[in-house]
Amino acid sequence: MKLHQKKPSDSRKDVVKSLAETELHITAEMAIDQHKINKQMQEEQQPMVAIINSMQHAVIVTDTHGCIQFMNLMAEALTGWYSKEACGKSLAEVVQLIDKDIEETIENLATLTIVTGAILHLPDNCVLVAKNGREILVGDYAVPVRDSNNNIISVVIVLQEVTQRKLIESQLLQNAFYDGLTALPNRALFLDRLKQAVERSKRRIDYRFGILFLDLDGFQEINDRFGHAMGDDLLVAIARRLESCLRSGDTVGRFSGDEFAVLLEDIKDINDAINVAKRIQDTLGLPLTLNGNLISTTASIGITINQGGGDQPEKLLQNADAAMYHAKQQGKARYAVFDVIVKHDSQE
C-alpha cells in the first residue's frame, strides 16, 4: 500500500488556515463579549438616563474638548436641538449664551470650566439664544467631573429658564421700593439713596446734595370736590411733572398722600436747589385737564442741603420737612430754606 505524503507547501497552508480560523473565532468571541458589555452598560445606564430625563432642569454633558456627549429631554426643549444632532458639536454652537449686562457672548462654558477647574455660575442676566433665535433668560452652573485620580474627564452643564422667577423678583422689588400709584420710589428707597449720598459726602469734601420736601396746597379740597379717583389721577400727573423738572441722576419719591421728596445730587450750592424748587413751582402751577376738568394746584417746598460728613439722613429729611411747614404757614406756592429759618429764629 502506497501512502500519500503532503507537500511542505500544503502543510503551511493548513497552518495558516488554522490560525485564521482561530483568529476569526477569537474575534467573534471578543465581539460577542463586547456586545454583552455594551448591552450591560446600557442596561446599567438606563435608570440613570431615565432619572436625568425626568429632571426639570436642562442637563448637558461634554467631553474635555467642550463637545456635547449627552443632552436630556429638557435640554432639547430649552435649546431647540435634538440630542442626536447636537452630540459631537461644540457646546458654544448649541448653547449660545450672552451676558446681557455687558452685551458679551460667553465662550464655550465647558472649556472655561476645564481651564478654571471650578464650578462656574452663570451671570445674573444671562440669555440663551435657542436654535430658532428665541432669547431665554437662564441660570445655574457648569461643574467639572473628575475621576478617581482627580483628573477632569467631562463637564456637566445645568440650565433652567428663570424668566418667571425674574418677573416675580422684579415685582417683589417693585412692591417693596416703589409707590404703587405713581411708580415713584417710596420712602424706603428714597432713604437708601439719601444714605448713599451722605456716604459720598464723607469721601468728598466738596460734594453737595440738596433735599426738597413738597406738600401739595389744597389737595384735600380737590379730593372732596372731585373724589378720590380724581385725586389719584392728579397725584400721578404731579409725579410725571416732578420727574420732568429733574436730571436723570436725581430722585423724586412719594412718601404718603400728597407728600413728595426730591434728592438733588452733586449741586454747587443752595442756589441750585432753590432754582429747582422754582422750576417745580412754575411747572405745577400750569393747569391740568383731568377727565374733562381743569385743575390747578401748587406746592409748598422746604429746602435743605448737606453740611458735612456728620449729616444723618433722617435729620436732613426732618429739616426739609420743617422748612416746608414754615413755607406753608406763609401761604401757597412758596418755598423756604431751613438754614435761613434757623438763622431768622436765632436772631429773634
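The values are calculated or read from the model by the stated rules, or taken from the named source; none is laboratory data. Remember, it's a predicted structure, so these values are computed and weren't measured experimentally. No Cβ is skipped: glycine too gets one built from the backbone with ideal geometry, and neighbour counts run over all protein chains shown.
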(request) Determine if the stretch 323-339 includes at least one residue that is crowded, with 18+ Cβ neighbours inside 10 Å and under 31 Å from the mean Cα position of the chain (by Cα). (result) no
(request) Report the residue count in the stretch 106-138 for those that are under 23 Å from M74 (Cβ atoms) and not in a helix (DSSP H, G or I). (result) 22
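Could you say whether any residue in the stretch 252-272 is assigned to a loop (DSSP other than H, G, I, E, B), of a type in the set (G, A, S) and under 39 Å from the mean Cα position of the chain (by Cα)?
Looking through the stretch 252-272, at least one residue is assigned to a loop (DSSP other than H, G, I, E, B), of a type in the set (G, A, S) and under 39 Å from the mean Cα position of the chain (by Cα).
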(request) Please verify whether the stretch 243-266 includes one or more residues that are in contact (Cβ under 8 Å) with a residue 12 or more places away in the chain, farther than 22 Å from N186 by Cβ and either assigned by TED's automatic domain parsing to the domain that holds L189 or touching a helix residue (DSSP H, G or I) at 6+ places or on another chain (Cβ under 6 Å) (or both). (result) yes
(message) I'd like the residue in the stretch 266-281 that is modelled with pLDDT under 95 and acidic (D, E) and, out of all such residues, is surrounded by the fewest Cβ atoms within 10 Å (Cβ to Cβ).
(response) D269
(message) When the residues of the stretch 134-155 are narrowed to those that are over 22 Å from the mean Cα position of the chain (by Cα) and hydroxyl-bearing (S, T, Y), which ends up surrounded by the most Cβ atoms within 10 Å (Cβ to Cβ)?
(response) S154
(request) Among the residues of the stretch 262-289, write down those that are over 20 Å from K332 (Cβ atoms) and in contact with an Asp or Glu (Cβ under 7 Å, 6 or more places away or on another chain). (result) L263, L264, E265
(request) Provide a single number: the residues in the stretch 295-321 that are modelled with pLDDT under 90 and in a strand (DSSP E or B). (result) 1
(message) Would you confirm, using the coordinates I've provided, whether V158 is under 26 Å from the mean Cα position of the chain (by Cα), under 19 Å from T111 (Cβ atoms) and surrounded by 14 or more Cβ atoms within 10 Å (Cβ to Cβ)?
(response) yes
(request) Please go through the stretch 205-251 and pick out each residue that is within 28 Å of the chain's Cα centre (by Cα), surrounded by 13 or more Cβ atoms within 10 Å (Cβ to Cβ) and not in a helix (DSSP H, G or I). (result) L246, D250, T251
(request) Could you check F177 against (1) over 25 Å from A239 (Cα atoms); (2) in contact with a Leu (Cβ under 6 Å, 6 or more places away or on another chain); (3) not charged (D, E, K, R) and say which number it fails? (result) (1)
(message) Quick check on the stretch 287-294. Is at least one of its residues touching a residue at least 40 places away in the same chain (Cβ under 8 Å), in a helix (DSSP H, G or I) and either more than 17 Å from A323 (Cβ to Cβ) or of a type in the set (A, V, I, L, M, F, W, C) (or both)?
(response) no
(request) Sort out which residues of the stretch 306-322 are touching a Phe, Trp or Tyr at 6+ places or on another chain (Cβ under 8 Å) and farther than 15 Å from L263 by Cβ, and write them in order of number. (result) A322
(request) Starting from residues that are free of Cβ contacts under 8 Å to residues at least 12 places away in the same chain and in a loop (DSSP other than H, G, I, E, B), keep the ones in the stretch 139-185 and report whichever is nearest to L73 (Cα to Cα). (result) D147
